[in-house]
Structure formats: C-alpha cells, structure tokens
1. Answer rounded, prolate or oblate for the range 73-118, using the Cα gyration tensor with square roots of eigenvalues a ≥ b ≥ c: rounded when a/c is under 1.5, else prolate when a/b is larger than b/c, else oblate.
2. Using the Cα centre of the range 3-177 as origin and beta-carbon charges of +1 (Lys, Arg) and -1 (Asp, Glu), tell me which of 83, 97, 141 is placed farthest towards the positive end of the dipole.
3. Give me 106, 52, 47 sorted ascending by neighbouring Cβ count inside 10 Å, so fewest comes first.
4. Once amide H atoms are built 1.01 Å from N in the peptide plane, which residues 5 or more positions from residue 42, or in another chain, come under 5 Å H to H?
5. Find the Cα radius of gyration of the range 3-177, compare it with 2.2 N^0.38 Å by division, and give the number to two decimals.
6. Choose one answer from 170, 103, 61: the residue with the largest mean-square fluctuation in a GNM of the chain with alpha-carbon springs under 10 Å.
7. Give me 71, 152, 127 sorted ascending by neighbouring Cβ count inside 10 Å, so fewest comes first.
8. Arrange the following residues from fewest to most other Cβ atoms within 10 Å of their Cβ: 151, 130, 86, 95.
Amino acid sequence: MAARDFVAWVERRGQQLRRRLALSPLAVLDPCELAQRMGVCVLSPNDILGLDPSDLHHLLVENRDGWSAGSIRLPNGRVLILLNPTHPETRKRATLMEELAHVHLDHKPSELILLDGGIAVRSFKKSQETEAYWVGAAALLPRAVLQDAATSGIGRAALARQRGVSQDLVSFREKMAGIRLAGQVKRLQPA
C-alpha cells in the first residue's frame, strides 16, 4: 500500500471509531466511553482480586515504566484491557486508544512464548502496532480538528491541553496529516 493510501486508510479507520460514539467532527473523544460502547472492560492491576502484593508492587512500582497496557480476549469473546494507572493521563488516553484500535482492527493478539530456560517473551508484529497507534491517534485527533486548529491559530500546546493528549501526539498527527500548527513563538532579541 502506498504511503498516501495508508494515511487515507488510517483516517477512515479513525473515523469509524469516532462514529461508534456518534461524535461530531470536532468533538473530543473519550477513550473510556468508547471502550464501554465497544463492550471492552478496562482494568488496572489494582482491580485484580487475589493478585499477589509482590506482583502488584513489581507492576506499579519497580517496572511501572516497562509496560503501558495489554489486552486479552476471553473465551466468551469479551476483551479486557489492563491499563497502567501510573502513567500520565495523556499517555493513558493514547495507550487505551491504541488498544481499542487493535480490537477494532481485529488484530491477532500477541502470544507469550516460553524459551528454553523458562524465559517468556512476547511475540510482536510491528505492522499491527503501527496500524493501531496511527488509527488510535487519528481517532483522538482527526484531520478536521487539526485543520480547525490551524485555521484558528491554535498551537500545539493548547491543542494538546484541549484534547488531553501529549504535544508529541499532536506533532505526530501534524506530520501524518500534513497540517502545520502554530508552534512556540520565538521572541526577537533587541539589537
């Protein structure tokens, strides 16, 4: 698929996610509301009854930067997403949208592979991760929102605050959509 075709595909898939909530083109998308509409249960490790306190400490203290989220499809077809509660809200919104995009795109879940010596590793399919991140980002910051911000002179920082996302995500979407927003205003030093 050509780059331009891929970007158009991403935009369409992002719009499909937004339509699940019947959002107007400029409305803010709430990933938790979308998860509920999709029938996806979002949990924190704190919500898991019987989780050993040492495992909880490992997940939320020792290795809190080592993971963002994971999802599992249950035998009954329901999906559970385990979301890291220690991350900033902006990251949690983007992470949850990426996980919801995986579900929406019907991606095959990664698998845990047990290696010799008892070491477990997770399978990884870069194309699926790219698709999910791009589609989730497009749902959070659709092209119409970027165009409106550019026309209104709204900068990256302000748009990031309005939408509850990071400035990095705004910059990513700018590049992807080919729309440039106002950045930091440079002050001229007196001569």
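Every read-out reported here was derived from the displayed coordinates using simple, explicitly stated rules and does not represent laboratory data. The structure presented is a predicted model; accordingly, all values stated were derived computationally and were not measured. Using ideal geometry, Cβ is built from the backbone for each residue, glycine included, and neighbour counts are taken over all protein chains shown.
1. Oblate, because a/c is 1.5 or more while a/b does not exceed b/c.
2. Going by the Cα projections, it comes out as 141.
3. The order, fewest Cβ neighbours first, is 106, 52, 47.
4. Amide H neighbours of residue 42, under 5 Å, 5+ apart: 81.
5. 1.10
6. Of 170, 103, 61, the Gaussian network model singles out 61 as fluctuating most.
7. If I rank by nearby Cβ atoms, fewest first, I get 127, 152, 71.
8. 151, 130, 86, 95
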